[in-house]
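Engineer: The structure follows.
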Amino acid sequence: MEKYNSYTKISNIFTLFLTLLALISLAQATSSAVSPKASRTYKNFIKTKCKTATHSKLCIKTLNPYAPFIQTSDLKLCATAVTVAVEGAKNVSTIVTKLAKKKGLSPRDGAALHDCISDVRDSISVLKQTITAMQHLKGDAVDAKWADAKTWASGAISDAESCRDGFAEKKEVSKDVRKKINSSMGKLEQLMSNALCFIGHLY
Ligand SMILES: *[C@@H]1O[C@H](CO)[C@@H](O)[C@H](O)[C@H]1NC(C)=O
Ligand SMILES: *[C@@H]1O[C@H](CO)[C@@H](O)[C@H](O)[C@H]1NC(C)=O
């Protein structure tokens, strides 16, 4: 009798042990992968929000890869849109700088181009810092930060616009270079205006 009891006890402990193991591995599996259902929810959230943005298609295309991070958070959506614009600005400066070298821009035009791109980059970087800070702020300070964020976003957009307009009129710069500046700056303006739209929704 005693032997039987200790046998069932060990058997029960063993079963418990196996159950625990199974639960732990299930927990690990669910935390490392987003379920298809959650993934659909996150993508729908992005789609719905992007419909209200100025450039919806670009919005969906650039934000979808970040769906697992954004989930259904308006603040994270906004922060990601800004981060994408920062990346876009880096891309523009790389593309345009290379092109300017290759197509032999005059030193003066080269310098002008460099200046206007770094203005845009600086504005967006400050914007990114502002949004990142907001994820940890509470209370009155938040309103002031949102107002700052709007100012920086509008500033970055008008910097990009004046850069684009300025070069569109430079007849001495080759048509190729002007066209490329126009199209890459144009895309950046779209990314920024999407970000500004989300800032507007939050504030
Ligand atoms: C920036 O360039 C990289 C590499 O070419 C590209 O994968 C990415 O989509 C670009 N991002 C934006 C926002 O233009
Ligand atoms: C400049 O880009 C915009 C779109 O961003 C386009 O509508 C316009 O036609 C372009 N202008 C030139 C001269 O290429």
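The values are calculated or read from the model by the stated rules, or taken from the named source; none is laboratory data. In this text the structure is predicted, and so the values were computed from the model without any measurement. Don't worry about glycine lacking a Cβ; one is built from the backbone with ideal geometry, like all the others, and counts go over all protein chains shown.
Engineer: Please go through the range 140-166 and pick out each residue that is of a type in the set (Ser, Thr, Tyr) and touching a residue at least 24 places away in the same chain (Cβ under 8 Å).
Structural biologist: Within the range 140-166, Ser154, Ser162 qualify.
Engineer: Just give me the residues in the range 155-181 being within 11 Å of ligand 2 (Cβ to nearest atom) and under 20 Å from Ala195 (Cα atoms), in sequence order.
Structural biologist: If the condition is that a residue be within 11 Å of ligand 2 (Cβ to nearest atom) and under 20 Å from Ala195 (Cα atoms), then Ala160, Glu161, Arg164 are the ones that fit.
Engineer: So, Ala160, is that one within 16 Å of ligand 1 (Cβ to nearest atom) and either outside the structural domain of Cys59 (by TED's automatic domain parsing) or in contact with a helix residue (DSSP H, G or I) (Cβ under 9 Å, 6 or more places away or on another chain) (or both) or not?
Structural biologist: yes
Engineer: Also, I was wondering about something else. Can you tell me which residue is surrounded by the most Cβ atoms within 10 Å (Cβ to Cβ) among those in the range 111-130 that are under 15 Å from the mean Cα position of the chain (by Cα) and without any contact (Cβ under 8 Å) to a residue 24 or more places away in the chain?
Structural biologist: Across the range 111-130, the extreme among qualifying residues is Thr130.
Engineer: Of (1) assigned to a helix (DSSP H, G or I); (2) more than 17 Å from Ala81 (Cα to Cα); (3) among the charged types (D, E, K, R), Asp148 satisfies all except one. Which?
Structural biologist: Of the numbered conditions (1) assigned to a helix (DSSP H, G or I); (2) more than 17 Å from Ala81 (Cα to Cα); (3) among the charged types (D, E, K, R), the odd one out for Asp148 is (2).
Engineer: Sort through Thr62, Thr83, Thr72, Thr94 and tell me the only one that's more than 14 Å from ligand 1 (Cβ to nearest atom) and either among the β-branched types (Val, Ile, Thr) or surrounded by fewer than 16 Cβ atoms within 10 Å (Cβ to Cβ) (or both).
Structural biologist: Thr72
Engineer: Would you be able to say whether some residue in the range 174-183 is closer than 18 Å to Asp119 by Cα, without any contact (Cβ under 8 Å) to a residue 24 or more places away in the chain, among the β-branched types (Val, Ile, Thr) and assigned by TED's automatic domain parsing to the domain that holds Ile131?
Structural biologist: No.
Engineer: I've got another one for you. Determine if the range 32-42 includes at least one residue that is in contact with a helix residue (DSSP H, G or I) (Cβ under 6 Å, 6 or more places away or on another chain), in a helix (DSSP H, G or I) and closer than 24 Å to Ser184 by Cβ.
Structural biologist: No, that holds for no residue.
Engineer: Is it the case that Asn182 is crowded, with 22+ Cβ neighbours inside 10 Å, part of a helix (DSSP H, G or I), within 23 Å of the chain's Cα centre (by Cα) and of a type in the set (S, T, N, Q)?
Structural biologist: no
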